[in-house]
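What follows is a single structure, written as structure tokens, with notes after it.
Nothing in this text is a laboratory measurement; each read-out follows from the coordinates by a stated rule. The structure displayed is predicted, hence computed values, not measured ones. Heads up, the Cβs are rebuilt from the backbone with ideal geometry, glycines too, and the neighbour counts pull from every protein chain shown.
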Amino acid sequence: MLKIQKLHIGIFAFFIISFPFVISRIPALGNYTNIMVFAGIYTIITIGLSLFIGYAGQISLGHAAFFGIGAYTSGILTARFGINPWMCLIIGIFIVSVIAFLVGAPSLKLKGHYLAMATLAFGIIVYIIFNQELEYTGGPDGMTGIPGLSLFALKLNSVEKYYFFVWGIVFAAFLFTINLIQSRTGRALRAIHASEAAASAMGINVPRFKLIVFIYSAILASLAGSLYAHYINFINPSSFDLFFAIKLLIMIALGGMHSIWGAIVGAVLITFLNYEWLHFFKEFEVIIYGAILLLVTIFLPDGLVGIPGIIKKFVKRKL
Amino acid sequence: MKEELKENILEVENLAMVFGGLTALTDTKFQLKKGTIKAIIGPNGAGKTTLYNIITGFLSPTRGNVWFKGQKISNLKPHEIAIRGISRSFQTIELFDNMTVLENVMVGCHSRIKMSFFASGMGFGTVKKKEEQIRSRALDVLKFIGLSDKYNEMADSLPLGEQKYLEIGRALASDPELICLDEPAAGLNETETHIASSLIKAIKEKGVTVLLVEHDMKVVMNISDEILVLNNGQVIAEGSPEEIQNNPSVIKAYLGDVTQHA
């Protein structure tokens, strides 16, 4: 499984590196590199979420909140207290880890709908806090004045620079997660997905593994939140609401839950729909998302990345 | 450490299990000698699976204790018991059907070869080495259970017999000192049953102690060193296969009271 993917990873890297150069020559698509920055930020979340949902078989509607906590930690500490952005990013990760631990330890004992409800409740509470803590978060109007990032002496002040920076992080998170999946940890997670009883009889500490991967995915969401805040320099609660939590689920469902590739494909497609392609539908875009989720769950349980497999099966049968 | 436990790998002490108003086990006790095969038989609902679930940590007993190699294990969690060296198979097949045959057995190695979350994510050289170790160990197990050539098939695509062997193989991969098999021959045809029996005997020859719950009396009588008979949550007889076959209370439990009608 690992060996064959080297080719895929190579093609993926080539596509990402050449994308801005190609786009910059097509004036009509001038905004696409900018959208790809957001796609990259969301991909960082969906990679972790795919591990938690697709591989370990759990569910979370709370990751929009972790994304928000990362963004607000970076936003508040840099804009209001003038702390170094990198420091804030790390503080955000630390805070989110602690919260994920406190939320996850009791709620991961729940399964299915109950876990969904618990994480949903957590997401809503955090959303309310973003709205109500006017003094720090600016409430529903949001907060401005969040500085950009610099990498040592290099100011990440253009779309292209930020693009490469974000996708570099996506790539690192992707490789880390792929390695995890193909090791003992990944097998343990898939074992938990298939049968918790058998997994624990094999010596797998089921609650611990669930919690670790929950925290890992929360950390990635927090990291993405910080990158988001420093990119658009302005945040308000609506970027972290329940609808966004559901969009994250649609991303991994559309791409394919059982594959990290699916997390990337889904995040990129939904981001483009969200930022560009669905503007035509205005307030009806919600219906499009609903339709996508419906169609994918019925006809493509393995998502878009499952299509080659379906075609292969079809061809085999015809022969 | 209790003195008498040195040759007994497992000691079950006055075990009782009550579910609400239902008493599944009352005052069950027995010892299991290291390196032997002991079968637990009894009519349906006798408490066999409950006993298994207590030994492997899926239930904690209402009263009583389980000792493994002189250590009390009756308050430990399933994975902690697995790490200490007790492995099990399930009555209803609980294979990881989202994985290949080989991967199923590789999961069995979980508690023996460890690597940290961070190291596996970084893909360090030591991790790759350990992964190779796990793989070759799993392949050895597949050879032992005779499924080498099916290593890359999905576990749920195997016929029932091979799924049963795979369950045993996965349990063996954790290198247990005691293996608890729950109806390994249930639903198997004669040939498959024969293979399963020789597999269990081969496990014993490896030095692994076997606890066996099985309804197929031919299997039980053929391979067990000792048999324990449970009825209504109580031990009604214990002894060698010959002793059990001629024990009047066992015959009574299985066939009803024959003497009364005579």
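Which is farthest toward the positive dipole end of segment A:37-318 among A:L211, A:A121, A:S200, measuring Cα position about the Cα centre, with Cβ charges +1 (Lys, Arg) and -1 (Asp, Glu)?
Final value for the positive-end residue is A:S200.
Roughly what angle does helix B:160-172 make with the longest principal axis of chain B, taking Cα atoms, 0 to 90 degrees, to the nearest 10?
Computed tilt is about 80 degrees.
Please compute the net charge surrounding A:L269, taking Lys and Arg as +1 and Asp and Glu as -1 over other residues with Cβ under 15 Å from its Cβ.
Here the count lands on -1.
Compute the helix-to-body angle for B:190-205: its Cα long axis versus the longest principal axis of chain B, expressed 0 to 90° and rounded to tens.
80
Give, as a single signed number, the net charge of other residues whose beta carbon lies under 14 Å from the beta carbon of B:A119, with Lys and Arg counted +1 and Asp and Glu -1.
Charge balance in the 14 Å sphere: +4.
Can you run the Rg to Rh ratio on the protein assembly as shown? Use alpha carbon positions and the Kirkwood inverse-distance Rh.
Result for the protein assembly as shown is an Rg/Rh of 1.07.
What Kirkwood radius, in Å to one decimal, follows from the Cα pairs of segment B:1-116?
Final number for the Kirkwood radius of segment B:1-116 is 15.7 Å.
How many nm separate the modelled label positions at A:F81 and A:E135, each set 7 Å beyond the Cα in the direction of the Cβ?
If labels sit at A:F81 and A:E135, their model points lie 1.4 nm apart.
Counting each DSSP H run of 4 or more residues in chain B as -39500 (n - 2.57), what helix-only mean residue ellipticity at 222 nm follows after dividing by all residues, to the nearest 500 deg cm²/dmol?
Rounded to the nearest 500, the figure is -11500 deg cm²/dmol.
Just round it to a whole percent: the fraction of Cα-Cα distances in segment A:37-318 exceeding 28 Å.
36
Once you order the gyration tensor axes a ≥ b ≥ c over the Cα atoms, which shape class does segment A:90-226 get: rounded for a/c under 1.5, otherwise prolate or oblate by comparing a/b with b/c?
It is oblate, given that a/c is not under 1.5 and a/b is not larger than b/c.
Most exposed first by the Cβ proxy, i.e. fewest other Cβ within 10 Å, how do B:S197, B:S240 rank?
Least to most surrounded, the residues fall as B:S240, B:S197.
Taking loop as defined by DSSP and a crowding limit of 16 other beta carbons within 10 Å, which trypsin sites (Lys or Arg not before Pro) in segment B:1-60 fit?
When the trypsin sites (Lys or Arg not before Pro) of segment B:1-60 are filtered for loop state and at most 16 Cβ neighbours within 10 Å, B:K2, B:K34 remain.
Largest first and to the nearest Å, give the Cα extent of segment B:61-172 along each principal axis.
If we take the Cα atoms of segment B:61-172, the spans are 45, 38, 23 Å.
If the only charges are +1 at each Lys and Arg Cβ and -1 at each Asp and Glu Cβ, what is the size of the charge dipole of chain A around the Cα centre, to the nearest 20 debye?
That gives a dipole near 1440 debye.
Sort A:I235, A:I26, B:I236 so that the residue with the fewest other Cβ atoms within 10 Å of its own Cβ comes first and the one with the most comes last.
Ascending number of Cβ neighbours within 10 Å: A:I26, B:I236, A:I235.
Rg (Å, one decimal) plus Dmax (Å, integer) for the alpha carbons of chain B?
Looking at chain B, its Cα Rg and Dmax stand at 19.4, 76 Å.
By the scheme Lys and Arg +1, Asp and Glu -1, what is the net charge of all other residues having a beta-carbon under 11 Å from that of B:E94?
-2
Just flag the trypsin sites (Lys or Arg not before Pro) in segment B:94-190 sitting in loop per DSSP whose Cβ has no more than 13 other Cβ atoms within 10 Å.
Taking segment B:94-190 and a limit of 13 other Cβ atoms within 10 Å, the loop trypsin sites (Lys or Arg not before Pro) found are B:K114.
Please go through segment B:1-71 and write out the GluC sites (Glu not before Pro) that DSSP classes as loop and that have at most 16 other C-beta atoms within 10 Å.
Those satisfying the criteria are B:E7.
Mind checking which helices in chain A clear 18 Å along their axis (Cα) and have mean Kyte-Doolittle hydropathy of 0.5 or more, DSSP H runs only?
Span-like helices, by this rule, are A:5-23, A:32-50, A:63-79, A:85-107, A:112-132, A:159-181, A:206-232, A:242-255, A:260-272, A:285-299.
Pairs of Cα atoms under 8 Å, at least six residues apart: use those to get the relative contact order of segment A:37-318, whole percent.
Answer for segment A:37-318 is 35 percent.
Mind checking which lysines have their Cα closer than 18 Å to the Cα of A:K6? Skip sequence neighbours fewer than 8 apart in that chain.
Within reach: B:K128.
Under 24 Å between alpha carbons, and skipping anything fewer than 8 positions from B:K29 in its own chain: which lysines qualify?
Once the sequence-local lysines are set aside, what remains near B:K29 is B:K2, B:K6, B:K38, B:K48, B:K69, B:K72, B:K77, B:K204, B:K252.
For chain A, which span is the longest to avoid every loop-located (per DSSP) member of chymotrypsin sites (Phe, Trp or Tyr not before Pro) having at most 13 other Cβ atoms inside 10 Å?
Longest run free of exposed loop sites: A:153-319.
Below 8 Å, C-alpha to C-alpha, sequence gap of six or more: please give me the relative contact order for chain B in percent.
Relative CO of chain B lands at 25 percent.
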